[in-house]
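Participant: I'd like to ask some things about the structure below.
The values are calculated or read from the model by the stated rules, or taken from the named source; none is laboratory data. In this text the structure is predicted, and so the values were computed from the model without any measurement. Every residue, glycine as well, gets a Cβ built from its backbone with ideal geometry; the counts of neighbours run over all protein chains shown. Quick note on the areas: whole protein, heavy atoms, side chains included, nothing else; ligands and nucleic acids left out. Shrake-Rupley method; radii C 1.70, N 1.55, O 1.52, S 1.80 Å.
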Amino acid sequence: MTYSTLLITKQDGYAIVQFNRPDVLNALNITLMQELVEALDVLDTDKEVRAIILTGNEKAFAAGADIKEMSDASAVDMLIRDQFARWDRIRKIKSPIIAAVSGFALGGGCELSMACDLIIASETAKFGQPEINIGVMPGAGGTQRLTRAVGKAKAMEIVLTGRMITAQEALQWGLVNRIVPVEMYLEEAKSLAREIASKPPLAVRLAKEAVLKAFDTTIEGGLEFERKNFYLLSASADQKEGMKAFVEKRKPLWSGK
């Protein structure tokens, strides 16, 4: 796969998707977002890929949307452009997605990291929704995912003031999984991706689906959904292999079937 705004590599059962607009701190323009959803769709159907890492560089995961593309657009232009439809496609990716964040993750960059399933942050990571400073508000999930992650009070403060929060604050508030030194943030994400990739892929995908369902339904609906996914896995070859290997005290060999 060759893209103008992304660098993609595959290894050890996972793929790395790196944003490649360093001169503008990986600002998320229309081209990058279109290429990103296309790449994720392809990787999601690749049987060799069982986890995906999204990352930028040490200075910036992504410092926001490309404001030049938005500054002169009217409300009708934005409606016709429907740029946020691409974000809906990211949410439907079945493979686990890990955000490896160093430096700035602001605006759309913060929203993109929150659209991932796990976040590994370097000590220099800074998260924020500064849209209020340019006369708008988050539009790609910032008000919804941030509130679910850190609660109403903290989300209100971040969204209404536009201030950045540190990696340590993000960890304390439950926004990220862990913090590591800047020279280790991508290696830590790789380690996590390898661990996930070593698990039975069907079970991983259905487990991810069930966790996300918790945000969309009642506890009763979520429990029913969870049970159906649990029962469904009983029809898989990996369930038979996993339980047989456990009884025989050996390492299972996953087939993904």
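Participant: What net charge is computed for the residues neighbouring ALA75, neighbours being all others with C-beta under 13 Å from the C-beta of ALA75, Lys and Arg scored +1, Asp and Glu -1?
Facilitator: -2
Participant: Give me the 1.4 Å probe accessible area per residue for the chain, excluding ligands and nucleic acids, in Å².
Facilitator: Normalised by residue count, the accessible surface of the chain is 53 Å².
Participant: Can I ask one more? Charges on Cβ only, +1 for Lys and Arg, -1 for Asp and Glu, centred on the Cα centroid of the chain; of TYR3, ALA125, ILE90, which one is farthest towards the dipole's positive end?
Facilitator: ILE90
Participant: What is the range 173-257's relative contact order, in percent, from Cα pairs under 8 angstrom and six or more apart in sequence?
Facilitator: Result for the range 173-257 is 26 percent.
Participant: Let me ask you something else. For the range 38-154, compute the orientation-averaged projected area of the C-alpha convex hull (one quarter of its surface), in nm².
Facilitator: Quarter of the Cα hull surface area: 8.2 nm².
Participant: Is the shape of the range 1-57 rounded, prolate or oblate, going by the alpha carbon gyration tensor and its root eigenvalues a ≥ b ≥ c, with a/c under 1.5 for rounded and a/b larger than b/c for prolate?
Facilitator: prolate
Participant: Filter the trypsin sites (Lys or Arg not before Pro) in the range 20-71 down to the DSSP loop ones having no more than 12 other Cβ atoms within 10 Å, then list what survives.
Facilitator: Within the range 20-71, the qualifying trypsin sites (Lys or Arg not before Pro) (loop, at most 12 other Cβ atoms within 10 Å) are LYS47.
Participant: Another one. Could you sort GLU111, GLU123 by accessible area so the largest value comes first, with the probe set to 1.4 Å?
Facilitator: So the residues, ranked largest to smallest area, are GLU123, GLU111.
Participant: Sticking with this structure for a sec: Full-extension gain between ILE219 and VAL76, please, as 0.36 nm times their residue separation minus the C-alpha to C-alpha distance.
Facilitator: Extra length available between ILE219 and VAL76 comes to 47.6 nm.
Participant: Right, here's the next one. Please identify the helices of the chain, taking whole runs of DSSP H, that span at least 24 Å along their own axis as judged from the Cα atoms and have a mean Kyte-Doolittle score of 1.6 or higher.
Facilitator: Sorted by number, there is nothing, because no helix extends far enough and scores high enough.
Participant: Once you sort the root eigenvalues of the Cα gyration tensor of the range 130-217 as a ≥ b ≥ c, which label holds: rounded (a/c under 1.5), prolate (a/b larger than b/c) or oblate (the other case)?
Facilitator: Note, shape of the range 130-217 comes out oblate.
Participant: Still on this model: What percentage of the solvent-accessible surface of the chain, computed with a 1.4 Å probe over protein heavy atoms, is contributed by carbon and sulfur atoms?
Facilitator: Here it works out to 58 percent.
Participant: Could you tell me which of VAL24, VAL37, SER236 has its Cα farthest along the dipole of the chain towards the positive end, charges placed at Cβ (Lys, Arg +1; Asp, Glu -1), taken about the Cα centre?
Facilitator: After comparing all options, I get SER236.
Participant: Right, next: Considering only the chain, what is the antiparallel percent among its DSSP beta bridges, to the nearest 5?
Facilitator: Roughly 25 percent of the DSSP beta bridges within the chain come out antiparallel.
Participant: How many angstrom lie between the Cα centre of the range 42-65 and the Cα centre of the range 185-257?
Facilitator: The range 42-65 and the range 185-257 have Cα centres spaced 21 Å from each other.
Participant: Counting only protein chains, not ligands or nucleic acids, how are MET33, MET243, MET164 ordered by accessible area (probe 1.4 Å), most first?
Facilitator: MET243, MET164, MET33
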